[in-house]
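Peer 1: Sending over a structure as structure tokens; questions will come in a sec.
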Amino acid sequence: MKNKILFFIAFIICGYGAVFSQNTILNDFETDSPSVVAKNDAKFTIVKNPSLTKNNSIILNDFEPNSPNVVARSGASILNAPNPNSSEQNNTANCIRVGRTTNNWFELIAFPVANEAIIPANTIKYITMAVNYPAEPDIAIRIDGEDENSNGSATVAIRPINKYTNFGNWQTLTFKINGGQNGAQIKAIVIFPDAGFENSPIKKILNNTDSFGYIDEIKLNDTDSEETTYKDYLTNVKLELVKNWPANRTINLVFHGHSVPSGYNQTPIVNTLNSYPHQVLQKLSAKYPTAVINTIKTSIGGENSIQGARRFDEDVLVYKPDVLFIDYSLNDRSQGLEATYAAWDEMIKKAVAKGIKVILLTPSPFRDVDMLSTTTELYQHTEQVKRLATENGVALVDSYEQFKKAVLAGNNVNNYLSSFNHPNAAGHTLISNEIIKFF
């Protein structure tokens, strides 16, 4: 009998939210809605709809009706416009179109923010922003203004931790926000949409006639929106992979590094078919059955990144990669951080200058090295690869993190190794599964 009563109460509460054929809303549980009572020990609470947020994100402005008003100052021009390129990356109806009428770097747009945009003390959060520009812009934001009519501090310029590379398409930029010792409340967002100092090439790219930028879906997030980064980074490559003959072309995936991508098992034995480049080929072939995909290894067993950089032009760029993977950290430990940083940075910049999508890999394990320690050379090179990815605006496959998670789950890291420094099939699978997320 008790179960029947509870079911009846639940039915009544849910029923209030129903919309009948005459479109009469009985209760939507918003302000001024009919009050709800609970009987026979039933309990309820009116809460925010969890489907309106993702990954604990708060929408600061999506430029749809009833969104915060946007103002433009110092020569910026704005227009609330339809989405110019609705896609998987951003399929909302409206966005804001931004142009410029002067040559001021400080042209800006701004809007007020609701009270719930709070960064607690000693906490990192992230503001994400969907952008669609004709070239790489230099976008900066300020969050310390009192309202949409203030400029914020002249000494503050927060730039995204990733670069815009998907020209003419939507891509999410992520801004790291630090609450500091006292915490912060964001009362307004000030955006400099075309500063023109830190983009490549360095210049202002907008005008008010035929070169506009589009901005949308500005959110405050608890995380750095890793899922969005995975989804966005290879948009153009994925568009090529779904094409059918005769419109398709060969896609070149190039794997540059040492013995791990080369497929070494127990030296001198090479197990090509279990290596992560081959696993990636298998998975992509299943996902994109009409695609012609080449996986090309330019990796050499025993090599470090300094040696790999010396032959980069003639051995790697010659293949015109659509996507380039770099994996050298295991062998870089003997070469130190400074020299290997320079080698990686040189290779990345050469590839990016040619429009190649670059994905860096942190190292796989070395037998008996503590994966949980933050003092090992392996950890230091892992952090350096992360830094290189952020500074150059390229993507990252954090292999080290996947093996660390396996250890934290109670697994012995040696279960993923075929020798002291080479993954076995299970280890390569951890890596390939992370790579596939980009596709």
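The values are calculated or read from the model by the stated rules, or taken from the named source; none is laboratory data. No experiment lies behind these values; they were computed from the predicted model shown. All Cβ positions, even for glycine, are placed from backbone atoms using ideal geometry, and neighbour counts span all protein chains on display. Side chains are part of the model used for accessible areas, which takes the heavy atoms of the whole protein and leaves out ligands, DNA and RNA. Shrake-Rupley method; radii C 1.70, N 1.55, O 1.52, S 1.80 Å.
Peer 1: Quick one: would you say residue 331 is polar (S, T, N, Q) and within 17 Å of residue 260 (Cβ to Cβ)?
Peer 2: In short, yes.
Peer 1: Now, a different point. Here is a list: 117, 121. Which entry is more than 20 Å from the chain's Cα centre (by Cα) and open to solvent by less than 30 Å² (accessible area, probe 1.4 Å)?
Peer 2: From the options 117, 121, the qualifying one is 117.
Peer 1: I'm trying to understand the selection: among the residues of the stretch 294-324, which are of a type in the set (Phe, Trp, Tyr) and open to solvent by less than 20 Å² (accessible area, probe 1.4 Å)?
Peer 2: Correct list: 312 only.
Peer 1: Any residue at all in the stretch 333-354 that's in contact with a strand residue (DSSP E or B) (Cβ under 9 Å, 6 or more places away or on another chain), of a type in the set (Ser, Thr, Tyr) and closer than 26 Å to residue 269 by Cβ?
Peer 2: no
Peer 1: Name, by its number, the condition in (1) part of a loop (DSSP other than H, G, I, E, B); (2) surrounded by 14 or more Cβ atoms within 10 Å (Cβ to Cβ) that does not hold for residue 149.
Peer 2: Going through the list (1) part of a loop (DSSP other than H, G, I, E, B); (2) surrounded by 14 or more Cβ atoms within 10 Å (Cβ to Cβ), residue 149 breaks only (2).
Peer 1: Another question, if that's okay. Among the listed residues 125, 163, identify the single one that is part of a strand (DSSP E or B) and touching a residue at least 40 places away in the same chain (Cβ under 8 Å).
Peer 2: From the options 125, 163, the qualifying one is 125.
Peer 1: I would also like to ask the following. Could you run through the stretch 405-429 and say how many residues are without any contact (Cβ under 8 Å) to a residue 60 or more places away in the chain and surrounded by 18 or more Cβ atoms within 10 Å (Cβ to Cβ)?
Peer 2: 4
Peer 1: Any idea how many residues of the stretch 92-112 are open to solvent by less than 20 Å² (accessible area, probe 1.4 Å) and over 22 Å from residue 82 (Cβ atoms)?
Peer 2: Of the residues in that region, 3 qualify.
Peer 1: Okay, next question. Select from the stretch 70-96 the residues that are within 19 Å of residue 207 (Cα to Cα) and in contact with a helix residue (DSSP H, G or I) (Cβ under 7 Å, 6 or more places away or on another chain) and list them in ascending order.
Peer 2: Hits for the stretch 70-96: nothing passes.
Peer 1: Filtering the stretch 264-283 down to residues that are within 27 Å of residue 340 (Cβ to Cβ) and without any contact (Cβ under 8 Å) to a residue 24 or more places away in the chain, which residue is surrounded by the most Cβ atoms within 10 Å (Cβ to Cβ)?
Peer 2: 278
Residue-by-condition table, conditions (1) under 25 Å from residue 382 (Cβ atoms); (2) among the hydroxyl-bearing types (Ser, Thr, Tyr); (3) at pLDDT below 95:
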| residue | (1), (2), (3) |
| --- | --- |
| 271 | yes, no, yes |
| 280 | yes, no, no |
| 298 | yes, yes, no |
| 304 | yes, no, no |
| 314 | no, no, no |
| 319 | no, yes, no |
| 326 | yes, no, no |
| 344 | yes, no, no |
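Peer 1: From the list 243, 238, 231, which residue is within 30 Å of residue 281 (Cβ to Cβ), part of a helix (DSSP H, G or I), at pLDDT 90 or above and among the basic types (Lys, Arg)?
Peer 2: On inspection, the qualifying residue turns out to be 238.
Peer 1: Given the condition over 22 Å from residue 105 (Cβ atoms), surrounded by 13 or more Cβ atoms within 10 Å (Cβ to Cβ), in contact (Cβ under 8 Å) with a residue 12 or more places away in the chain and of a type in the set (Val, Ile, Thr), answer yes or no: does some residue in the stretch 181-196 qualify?
Peer 2: yes
Peer 1: Among all residue pairs at least 6 apart or on different chains, which show Cβ distances below 8 Å where the first residue, located in the stretch 325-344, is free of Cβ contacts under 8 Å to residues at least 40 places away in the same chain and open to solvent by less than 50 Å² (accessible area, probe 1.4 Å) and the second is of a type outside the set (Ser, Thr, Tyr) and in a loop (DSSP other than H, G, I, E, B)?
Peer 2: Sorted first by the residue in the stretch 325-344, then by its partner, the pairs are 343/304.
Peer 1: From 353, 286, which residue is without any contact (Cβ under 8 Å) to a residue 24 or more places away in the chain, within 21 Å of the chain's Cα centre (by Cα) and open to solvent by 20 Å² or more (accessible area, probe 1.4 Å)?
Peer 2: Sole residue among the options that is without any contact (Cβ under 8 Å) to a residue 24 or more places away in the chain, within 21 Å of the chain's Cα centre (by Cα) and open to solvent by 20 Å² or more (accessible area, probe 1.4 Å): 353.
Peer 1: Considering only residues that are surrounded by 14 or more Cβ atoms within 10 Å (Cβ to Cβ) and under 23 Å from residue 70 (Cβ atoms), which ones fall in the stretch 208-223?
Peer 2: 208, 211, 212, 213, 214, 215, 216, 217, 218, 219, 220, 221
Peer 1: For the stretch 176-185, state whether one or more residues are among the polar types (S, T, N, Q), in contact with a helix residue (DSSP H, G or I) (Cβ under 6 Å, 6 or more places away or on another chain) and more than 21 Å from residue 114 (Cβ to Cβ).
Peer 2: no
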